[in-house]
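For reference, the structure discussed in these notes is given below.
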Amino acid sequence: SSQETETTPVPVPYEWLDEYIPDAGNNYEDAANMIGSNGVAVWESYVAGLNPNNPNSKFMAIITMVDNEPVITWTPDLKEEREYIVEGKENLNDVEWETPANSNHRFFRIKVKLK
């Protein structure tokens, strides 16, 4: 039998679910798909490195201007275990997000993937 979820967009290890969701063993798929007290799906908390039981556990981006260029950092940063993709666009109603983000962009997003 598998040791990770199969119905979530990203497989979540049962071991991680057991650590954070007390009754996860009753139905790992339901546990991974539920919304944590931090307001995001439990599987998303796993990907972002958050604690789904802590309402204050959020993924946050910080933008600092250095020599008129935006430098974007984030927390938590699990660079050994995750891949981060920063995208930007000039106006919110622009259809396309561009990679890499640049100084013309006023809006940014960060995609997080498992390595």
Legend entry - Qualifying GluC sites (Glu not before Pro) in region 40-107, DSSP loop, other Cβ atoms within 10 Å at most 13: Glu80, Glu81, Glu90, Glu96
Legend entry - Rg(Cα) / (2.2 N^0.38 Å) computed for region 1-69, rounded to two decimals: 1.34
Legend entry - Cα-based radius of gyration of region 26-115 once divided by 2.2 N^0.38 Å, which approximates compact folds: 1.26
Legend entry - Cα centroid of region 36-69 to Cα centroid of region 1-16, whole Å: 21
Inset, instruction - Could you provide, to the nearest whole Å², the per residue accessible area of the chain with probe 1.4 Å? - result: 65
Legend entry - Carbon/sulfur fraction of accessible area - region 19-88, other protein chains in place, 1.4 Å, %: 50
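When Lys and Arg each count +1 and Asp and Glu each count -1, what net charge do the other residues less than 13 Å away from Val95, Cβ to Cβ, add up to? Spell out each step's value before the answer.
Details: positive: Lys89; negative: Glu87, Glu90, Asp94, Glu96, Glu98.
Once positives and negatives cancel, what remains is -4.
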Legend entry - trypsin sites (Lys or Arg not before Pro) restricted to region 1-88 and DSSP loop, no more than 16 other C-beta within 10 Å: Lys58, Lys79
Legend entry - Sites matching chymotrypsin sites (Phe, Trp or Tyr not before Pro) across region 1-103 that sit in DSSP coil, with at most 12 neighbouring C-beta atoms within 10 Å: none
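The values are calculated or read from the model by the stated rules, or taken from the named source; none is laboratory data. Everything numeric here is computed off the predicted structure, so don't read it as measured data. With ideal geometry, Cβ positions are generated from the backbone for all residues, glycine too; neighbour counts draw on all protein chains shown. Accessible surface is based on the protein model in full, side chains and every heavy atom, while ligands, DNA and RNA are left aside. Shrake-Rupley method; radii C 1.70, N 1.55, O 1.52, S 1.80 Å.
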